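Note sheet for the following structure.
The values are calculated or read from the model by the stated rules, or taken from the named source; none is laboratory data. Since this is a predicted model, take the numbers as computed values, not measurements. Cβ atoms come from the backbone with ideal geometry, glycine included; neighbour counts cover every protein chain shown.
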Amino acid sequence: MKFNYKLFAFTLVLVVVTTLSKLFFSTRLSWSGFSPVIAIALFAGMMVKDKSASFLLPLASLFISDLIIEVLFRFKLFPYEGLYKYQLLNYSILLITTLLGWALKGRNYTRIAVGALAAPTLFFFLSNVSIWITSDGVTYTKDFSGLVTCLTAGLPFYGHSLTATIVFLPVFLFSYNYITKKETGLLLA
């Protein structure tokens, strides 16, 4: 298999964008959740032809940025750790959005719009249900009321991730098409 320098360079750009987003937005509660990672996962499913490799793009972007955050945290340059208890669960949920990208592809604007709405919604629901399931039963009671409370608590983060996906997905699609094909457009096909 031939090494794709353009895809490698694009991946590095995604790592930088992800890391900068975490540095600037995650420490501000009013912006927490504004991150390109869902858009990257959806984009990878839509764009990377090799299905097994499509998981590498979001994982590389997220994991490398998490490592950078962890190093900053250990040097007391960032307020929270980059590596945390339920990280693998979050990564797994994120990769489900890559599967959504496989199903939708980016062949028309309707599919891109559906993906931009569905991916953060799916991530919000699955991640908050996971928080509810793994909670101690004190923060969120183990009944329907506790689930609703957990989902409600996550709504601000959902709004930010939805906004970020709507902002970043078209930017990534346009940039990728321009870098790899010298075309200016959002569609992949």
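Select, from 180, 134, 110, 149, the only residue that is polar (S, T, N, Q) and modelled with pLDDT of 95 or more.
Values: 180 fails: modelled with pLDDT of 95 or more; 134 fails: modelled with pLDDT of 95 or more; 110 fails: modelled with pLDDT of 95 or more.
The unique qualifying residue is 149.
Considering segment 119-161, the residues that are surrounded by fewer than 17 Cβ atoms within 10 Å (Cβ to Cβ) and of a type in the set (Gly, Ala, Ser) include one that is farthest from residue 46 (Cα to Cα), namely 137.
Is one or more of the residues making up segment 140-161 out of contact with any Ser or Thr (no Cβ under 8 Å at 6 or more places or on another chain), more than 21 Å from residue 95 (Cβ to Cβ), of a type in the set (Val, Ile, Thr) and not in a helix (DSSP H, G or I)? No; the residues of segment 140-161 include none that is out of contact with any Ser or Thr (no Cβ under 8 Å at 6 or more places or on another chain), more than 21 Å from residue 95 (Cβ to Cβ), of a type in the set (Val, Ile, Thr) and not in a helix (DSSP H, G or I).
Tell me, please, whether a residue that is part of a helix (DSSP H, G or I), in contact (Cβ under 8 Å) with a residue 40 or more places away in the chain and of a type outside the set (Phe, Trp, Tyr) can be found in segment 176-185. Before the answer, list the steps.
Filtering segment 176-185 down to residues part of a helix (DSSP H, G or I) leaves 176-181.
Next, from what is left, pick out any that are in contact (Cβ under 8 Å) with a residue 40 or more places away in the chain: 176, 179-180.
Narrowing the set further to residues that are of a type outside the set (Phe, Trp, Tyr) leaves 179-180.
Checked against the condition, which is being part of a helix (DSSP H, G or I), in contact (Cβ under 8 Å) with a residue 40 or more places away in the chain and of a type outside the set (Phe, Trp, Tyr), segment 176-185 yields at least one hit.
Okay, residues lined up against (1) aromatic (Phe, Trp, Tyr); (2) within 16 Å of the chain's Cα centre (by Cα); (3) over 30 Å from residue 49 (Cβ atoms):
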| residue | (1), (2), (3) |
| --- | --- |
| 96 | no, yes, no |
| 119 | no, yes, no |
| 122 | no, yes, no |
| 135 | no, no, yes |
| 144 | yes, no, yes |
| 147 | no, no, yes |
